[in-house]
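*Asks:* Would you mind keeping the following structure in view while I ask a few things?
The values are calculated or read from the model by the stated rules, or taken from the named source; none is laboratory data. What you see is a predicted model; the values in this text were computed from it and never measured. Here Cβ is always computed from backbone atoms with ideal geometry, including for glycine, and neighbour counts include all displayed protein chains. Ligands, DNA and RNA are excluded from the accessible area calculation, which covers all protein heavy atoms including side chains. Shrake-Rupley method; radii C 1.70, N 1.55, O 1.52, S 1.80 Å.
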Amino acid sequence: QLSSDCSDVPIIQALHRGVRVIELDIWPNSNKDDVDVLHGGTLTTPVELIKCLKSIKEHAFVASEYPVVITLEDHLTPDLQTKVAKMVTETFGEVLFSPGPECLKEFPSPASLKKRIIISTKPPQEYREAKDALQSESDPKSGKTPADEEAWGKEVPDAKVAIAVDDKHNELDEEDSNEEEDVDNGGSKSVAPEYKRLIAIHAGKPKGGLVECLKVDPNKVRRLSLSEQQLEKAVVTYGKEIVRFTQRNILRVYPKGIRVDSSNYNPMIGWSHGAQMVAFNMQ
């Protein structure tokens, strides 16, 4: 995760093993005119997004007919979002499930979405604006906002880990307290509408910490992402609320950023509380 070559091979292998959710960490290429997939903030060598998309199309339903969700960790400018929208629509065509720009009121069943590709990411805003807002509110050493610390409790440092790895890669797009509110904050004028229409599963954390995150909205469904540590802390006090949330919404659990060797956590905590996306490192 720090210096390897990026490739579509692990994606193909994962799909052949029945994995139904693939995350792509997408960034502008060196010329800022195309889109690459790589582990941001590291020395990983990029692979072109289009190559990954074509491999997903070719191998998505080899092991299972159930839908494949592509989650995008988006670090793009609006012009490149438009380019991604064109790539995705041209690559997947009618296989793509695209309900339009509005958030769904309820998710269709997996059975009704067999052999479909689904896109999930946060409602697009200027990535740099979100990043700047997050950093200005955060402790520069921890990358966590005061609201996060109040809601989740302080992280317990792992004394065995000598390297303070760039944890914000895993949590930055998930930790922005404003990201769920898709409001006109000045940056939304430059959002690519074609890109926004692709998003079937809206992701994000609303303001107000854990209690607000787990509120069930009868008029829209969404995806909430928690790190493995956040989930472990949350289930102690809010186990019932998490189960109630997952009855209508999607919960994604992801490995902590210091797992630089691609190790993984025990998935049972997520599964037993209804988490539909238990994200593992596969490399």
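*Asks:* Is at least one residue of region 25-37 open to solvent by 30 Å² or more (accessible area, probe 1.4 Å), of a type in the set (A, V, I, L, M, F, W, C), in the same structural domain as K86 (by the TED database) and more than 23 Å from V253 (Cβ to Cβ)?
*Replies:* yes
*Asks:* Also: Could you check region 42-56 and list, in sequence order, the residues that are surrounded by fewer than 16 Cβ atoms within 10 Å (Cβ to Cβ) and either at positive phi or in contact with a helix residue (DSSP H, G or I) (Cβ under 7 Å, 6 or more places away or on another chain) (or both)?
*Replies:* Passing the criteria: only K54.
*Asks:* Could you list, ordered by first residue, the pairs with Cβ atoms under 7 Å in which the first is in region 215-228 and charged (D, E, K, R) and the second is surrounded by fewer than 14 Cβ atoms within 10 Å (Cβ to Cβ), at least 6 apart or interchain?
*Replies:* These pairs meet every condition: K220/K105.
*Asks:* Just the residues that are in a helix (DSSP H, G or I) and not small (G, A, S), please, taken from region 262-271.
*Replies:* M268, I269, W271
*Asks:* Separate question: Quick check on region 239-283: of everything there that is among the aromatic types (F, W, Y) and surrounded by fewer than 18 Cβ atoms within 10 Å (Cβ to Cβ), which residue is nearest to V9 (Cα to Cα)?
*Replies:* Going through the qualifying residues, I end up with F280.
*Asks:* Residues R252, R248, R259: which one is assigned to a loop (DSSP other than H, G, I, E, B) and modelled with pLDDT of 95 or more?
*Replies:* On inspection, the qualifying residue turns out to be R248.
*Asks:* Considering each residue of region 62-79, count those that are open to solvent by 50 Å² or more (accessible area, probe 1.4 Å) and either outside any helix (DSSP H, G or I) or among the hydrophobic types (A, V, I, L, M, F, W, C) (or both), and give that number. Quick ask: steps written out before the conclusion?
*Replies:* Applying the first criterion (open to solvent by 50 Å² or more (accessible area, probe 1.4 Å)) to region 62-79 yields 62-63, 65-66, 77, 79.
Next, only the ones that are either outside any helix (DSSP H, G or I) or among the hydrophobic types (A, V, I, L, M, F, W, C) (or both) stay: 62-63, 65-66, 77.
Adding up the residues that qualify gives 5.
*Asks:* Condition first: over 20 Å from the mean Cα position of the chain (by Cα), among the charged types (D, E, K, R) and modelled with pLDDT of 95 or more. Can you find one or more residues in region 58-66 that meet it? Outline the logic, then answer.
*Replies:* Taking region 58-66 first, the residues over 20 Å from the mean Cα position of the chain (by Cα) are 58-59, 61-65.
Going one step further and asking which of them are among the charged types (D, E, K, R), we end up with 58, 65.
Then keep just the ones that are modelled with pLDDT of 95 or more; that gives 58, 65.
Yes, the conditions are met somewhere in region 58-66.
*Asks:* Continuing with this model, one more query. Mind checking which residues of region 92-145 are assigned to a helix (DSSP H, G or I) and at pLDDT 95 or above?
*Replies:* F92, G93, E94, V95, A111, S112, L113
*Asks:* Would you confirm whether any residue within region 15-38 is acidic (D, E), within 19 Å of the chain's Cα centre (by Cα) and part of a loop (DSSP other than H, G, I, E, B)?
*Replies:* Checked against the condition, which is being acidic (D, E), within 19 Å of the chain's Cα centre (by Cα) and part of a loop (DSSP other than H, G, I, E, B), region 15-38 yields no hits at all.
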